[in-house]
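What follows is a set of notes on a single structure, which appears directly below.
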Amino acid sequence: MARTEKGLTVKEEAVVAINIDTDIVVARHKSRELAAQLGFSYVDLTLIATAVSELARNIVLYGGAGEIQLSLVENGVNRGIVVVAEDHGRGIADINRALQDGYSSSGSLGLGLPGTRRLMDEFEIVSAPGKGTKVTVKKWKR
Amino acid sequence: MEVPVLKQGDYLIASIQSALSDQDLVQLRDSIVQKVGKLRSRGVIVDVTVLDVMDSFATRTLRDIAHMIRLRGAETVIVGIQPEVAFAMVQLGLSLEGVACALDLEEGLAYLNRKSPKSTKKGA
């Protein structure tokens, strides 16, 4: 079932649909379970599950509905987990501002995106008003 | 999954048993704020030992609980934050500033006993 995509061999995949707040719990549980297969440390498992929790909540808060895709990958040298959080909601007009600590358009703490970036090794965001939001984060096993 | 909130003398103990959804956390907040008045509690312990993730929403709700309980004239202490969870919270940029935390239930009770000595009670 392994396939290769952008130089990464995908070993294992799971998709969690995110519509309501209980889906956030399912997503973080699934991410922890999958990442554990790679033998991540307990600290890393907690960081990954926390990042997934923040990304899933952003979907519920701003995207309305979307999904979290989880994949275990290998690039020839390293193994890791890739998390893609995608929604088709209203999108983000000012990405730089959304990545600043303490900025929130919803009255939350405004730590979701900048905090998630600190929890993971790689972070990428694509979004435009009315076009939804796609956040991709990676954590490599040390 | 509702969190049991038990009365133990002058205190309320909310012992979280499993992962909580946002809705569960909000329910816990409302239930504690109500019960502290109904049972005339002087202190509240929220035991989060089983939580393997405390994200921004959980942290904000716990902080809200502590601040609301203070406005109701009682003290709150959060006990049992696991080391990995503490690490993730700090990385995320979360703090529970202004909220009392203790290692475990025993330390939490000791903290409340110091904060509201029994001698202030009638007849003691």
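What follows is calculated from the coordinates using simple rules that are stated; it is not laboratory data. All values reported here derive from a predicted model rather than from experimental measurement. Using ideal geometry, Cβ is built from the backbone for each residue, glycine included, and neighbour counts are taken over all protein chains shown.
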Listing B:Asp104, A:Asp121 by rising number of other beta-carbon atoms within 10 angstrom, fewest first, gives B:Asp104, A:Asp121
Below 8 Å between Cα atoms, with a sequence gap of 6+, how large is the relative contact order for chain A in percent?
24 percent
Using the Kirkwood radius over Cα pairs of region A:3-140, the Stokes-Einstein translational diffusion coefficient at 10 °C and 1.306 mPa s, in µm²/s and rounded to a whole number, is 106 µm²/s
Would you calculate, for chain B, the mean residue ellipticity at 222 nm contributed by helices, counting each DSSP H stretch of 4 or more residues as -39,500 (n - 2.57) and dividing by all residues, to the nearest 500?
-14000 deg cm²/dmol
Using only the Cα atoms of the protein assembly as shown, what do you get for the radius of gyration and for Dmax, in Å?
20.4, 75
For region A:68-79, Karplus couplings with θ = phi - 60° (6.51, -1.76, 1.60), whole Hz, Gly/Pro x:
10, 9, 10, 9, 8, 10, 9, 10, x, 10, 10, 10
Express in % the proportion of alpha carbon pairs of chain B at distances exceeding 19 Å.
43 percent
So for the pair A:Lys6, A:Ala128, with labels modelled 7 Å out along Cα→Cβ, what separation do we get in nm?
1.8 nm
Span-like helix ranges in chain A, DSSP H, alpha carbon extent 18 angstrom or more, Kyte mean at least -1.0:
A:21-37, A:42-58
